[in-house]
Amino acid sequence: MERWDEGGVRARIRELAARDPDRSRFGADTHRYELSPALPEAEVGAFEAAHGIDLPAEYRSFVTEVGDGPAGPGHGLMPLAAPRGLGAGEEWAVDDEWEEDRLPGRLAGPFPLTEPLPDRIGPSTRELTPGTLMLADEGCGIYVRLILNGPRRGEVWRLDPDWGGFVPVSPDFRIWYAEWLWRPVGRS
C-alpha cells in the first residue's frame with residue numbers, strides 16, 4: 001500500500017484555500033479547507049475493535065497519517081471516532097447519519113448489495129447501508145459511503161435516494177480523495 005504524503009496533502013489544501021478565499025467551491029464554506037490532526041494508531045485500533053471491523057487500508061492510512069477531516073469532497077470528510085464540533089444551535093441531518101453508523105453492529109454488518117442500484121430508491125435507505133461508513137455529506141440527503149466488507153470492500157459509493165440511487169463513484173478512498181484534492185478551483 002502506498003503511503004500518504006501528509007505534507008503534500010496539507011500544502012495542496014493550503015493552496016486550494018489561497019485560490020478560493022471566498023470559499024466559493026462547493027462545500028468549502030463548511031470544511032473551510034481545514035484539516036484536523038491525524039488520529040493515533042491506538043485510537044483507530046480501538047475504534048475498529050469496538051465496531052468489529054478493519055477499515056480499508058487507504059482510508060485508515062489517511063486518518064492515521066494525514067488527518068481526520070474535514071477538508072475534503074462535498075461538505076468535507078466526517079470525523080471517524082468523535083462527532084463534529086458544532087457551534088451553538090448548529091445541528092445537521094448528517095450528524096444523525098454519523099451517529100447511526102456507530103450503533104452496535106452497524107459497521108460490521110454485511111453490505112447488502114452486490115450490484116449498484118442506479119435508480120430512485122426513495123426515503124427508506126437504512127437497510128442498504130449496513131457495512132458502510134459515511135465519509136461525506138453532499139447535501140440534500142446525498143451521502144458518500146465507504147464499503148467496509150464483502151466483495152465491494154474499499155469502494156466508495158454515493159447514496160442519492162431521490163435521483164441517483166446507490167452507486168459506486170470510486171474504486172477506493174485514495175482515488176476519490178485525490179480527485180477532489182487535485183480538481184481545479186472553480187469546479188465542484
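The values are calculated or read from the model by the stated rules, or taken from the named source; none is laboratory data. Keep in mind the model is a prediction, meaning the values are calculated, not measured. Here the Cβ positions follow ideal geometry from the backbone for every residue, glycine too, while neighbour counts run over all protein chains shown. For the accessible areas, the whole protein counts, side chains as well, though only heavy atoms, and no ligand, DNA or RNA atoms are used. Shrake-Rupley method; radii C 1.70, N 1.55, O 1.52, S 1.80 Å.
Observations on the structure shown:
- Among residues of segment 109-124 that are farther than 13 Å from R153 by Cα, those with a beta-carbon under 8 Å from a residue that is open to solvent by 80 Å² or more (accessible area, probe 1.4 Å) at least six positions away or on a different chain give the pairs R120/W163.
- Qualifying residue in segment 91-113 (condition: among the charged types (D, E, K, R), modelled with pLDDT of 95 or more, surrounded by fewer than 22 Cβ atoms within 10 Å (Cβ to Cβ) and on the phi < 0 side of the Ramachandran plot): yes
- Beta carbons closer than 8 Å, at least 6 apart along the sequence or on distinct chains, pair a first residue in segment 162-186 that is open to solvent by 60 Å² or more (accessible area, probe 1.4 Å) and in a helix (DSSP H, G or I) with a second that is of a type in the set (S, T, Y) and modelled with pLDDT of 95 or more for E179/S170.
- Of the residues making up segment 1-28, those that are at negative phi and surrounded by 14 or more Cβ atoms within 10 Å (Cβ to Cβ) are W4, E6, V9, R10, R12, I13, L16, A17, D20, R25, F26, A28.
- For segment 120-130, a tally of residues being in a loop (DSSP other than H, G, I, E, B) and either loosely packed, with under 11 Cβ neighbours inside 10 Å or polar (S, T, N, Q) (or both) returns 5.
- Residues in segment 36-66 that are surrounded by 17 or more Cβ atoms within 10 Å (Cβ to Cβ), without any contact (Cβ under 8 Å) to a residue 40 or more places away in the chain and farther than 17 Å from R102 by Cβ: 2 in all.
Here's the yes/no breakdown for (1) hydroxyl-bearing (S, T, Y); (2) modelled with pLDDT under 90; (3) within 19 Å of L55 (Cβ to Cβ); (4) open to solvent by 20 Å² or more (accessible area, probe 1.4 Å):
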site: A88; (1), (2), (3), (4): no, yes, no, yes
site: L133; (1), (2), (3), (4): no, no, yes, no
site: E138; (1), (2), (3), (4): no, no, no, yes
site: G150; (1), (2), (3), (4): no, no, yes, yes
site: W157; (1), (2), (3), (4): no, no, yes, no
